[in-house]
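The values are calculated or read from the model by the stated rules, or taken from the named source; none is laboratory data. Just so it is clear, the model here is predicted, and its values are computed rather than measured. FYI the Cβ positions are ideal-geometry reconstructions off the backbone, even for glycines, and counts take in every protein chain you see. Only protein heavy atoms, including side chains, enter the accessible area calculation; ligands, DNA and RNA are left aside. Shrake-Rupley method; radii C 1.70, N 1.55, O 1.52, S 1.80 Å.
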Amino acid sequence: MGIAIAYSPMWLPRIPGAAGIAPGLPGPASSIFWNALAVGGLAVYVAAVERRRPASIGMRKPQGKDLEWALYLFGVYMAWQWLIRAVLPPTADTGTAVIAALPVTAVLGMIVSAAVFEEILYRGYPIERLSELTGRRWLAYALTVPLFIAPHIFFFGVQWLWTAGVGAVVIYVLYAKTQNLPACMLLHLGINLPILIPTIAAHVGG
């Protein structure tokens, strides 16, 4: 049940969508609504049904070493971005164009909410619970990584794999190393913030 709640933003919007209802913000910004709803439901489930603490899904105060790893991996990601854009500049994609056309406040809300909510829904909870259920941590990663990557490829295109997709890799490495969600949230935030550049440029240019 907890896994179903965690991944509900991937399937739940189809229900009102089939009825022509679009709660919350339109387009990609609606992810803020669905992710927030899922996190709220998951928090209730963990506390009231599982009777466990937030630390059981990696929500604990980050230590200095956790933040050091986050900073180090952010540097790795930025170095990769510089290299890949110099060697193989990415072509324009419709996903980035759609996001850039949204209001700056909506994009900022998406960036912050994704950094917080996606870490809980797609890393902390499923990795910890599937590790317990299977007894194999590597299997938890093998099951959850594709589910996180696939929607991004669908939205941004296959080139996302060797551009921004490297960001997903370093976040998974950070969680594997620290099991600390707040540190992953900070890294996720830093990786996503550059999407503001084409967004602001689109509005200034318009």
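Out of the residues in the stretch 171-202 that are over 11 Å from D66 (Cα atoms) and buried (at least 22 other Cβ atoms within 10 Å of the Cβ), which is nearest to the chain's Cα centre (by Cα)? Result: H188.
Residue under question is R85, and the condition is that it be open to solvent by 80 Å² or more (accessible area, probe 1.4 Å) and closer than 28 Å to H203 by Cβ; does it hold? Here the answer is yes, as R85 does meet what is asked. The sole residue among T199, T94, T105 that is free of Cβ contacts under 8 Å to residues at least 12 places away in the same chain and polar (S, T, N, Q) is T105. Please work out if L161 is under 26 Å from S131 (Cα atoms), in a helix (DSSP H, G or I), open to solvent by less than 20 Å² (accessible area, probe 1.4 Å) and among the aliphatic types (A, V, I, L, M). So L161 does not fit the description; no.
Within the set R51, R60, the sole residue that is at pLDDT 95 or above, basic (K, R) and more than 19 Å from L189 (Cβ to Cβ) turns out to be R51. If you take the residues of the stretch 44-69 that are over 19 Å from I127 (Cα atoms) and touching a residue at least 24 places away in the same chain (Cβ under 8 Å), which of them is surrounded by the most Cβ atoms within 10 Å (Cβ to Cβ)? Within the stretch 44-69, the match that is surrounded by the most Cβ atoms within 10 Å (Cβ to Cβ) is W69. If the condition is being in contact with a helix residue (DSSP H, G or I) (Cβ under 6 Å, 6 or more places away or on another chain), within 16 Å of Y172 (Cβ to Cβ) and open to solvent by 10 Å² or more (accessible area, probe 1.4 Å), then the stretch 115-128 contributes I120, Y122, E128. Take the conditions (1) open to solvent by 10 Å² or more (accessible area, probe 1.4 Å); (2) closer than 25 Å to A86 by Cβ; (3) out of contact with any Leu (no Cβ under 7 Å at 6 or more places or on another chain); G167 misses just one of them, which is (1).
Residues checked against (1) more than 24 Å from S30 (Cα to Cα); (2) at pLDDT below 95; (3) small (G, A, S):
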| residue | (1), (2), (3) |
| --- | --- |
| T91 | yes, yes, no |
| V107 | no, yes, no |
| V112 | no, no, no |
| E118 | no, no, no |
| S131 | yes, no, yes |
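When V204, V107 are screened for being under 18 Å from W34 (Cβ atoms) and either part of a helix (DSSP H, G or I) or out of contact with any strand residue (DSSP E or B) (no Cβ under 7 Å at 6 or more places or on another chain) (or both), only V107 passes.
Residue under question is T91, and the condition is that it be among the polar types (S, T, N, Q) and more than 20 Å from the chain's Cα centre (by Cα); does it hold? Criteria met by T91.
Test G135 against the criterion of being modelled with pLDDT of 95 or more and closer than 23 Å to P62 by Cβ, and give yes or no. So G135 does not fit the description; no.
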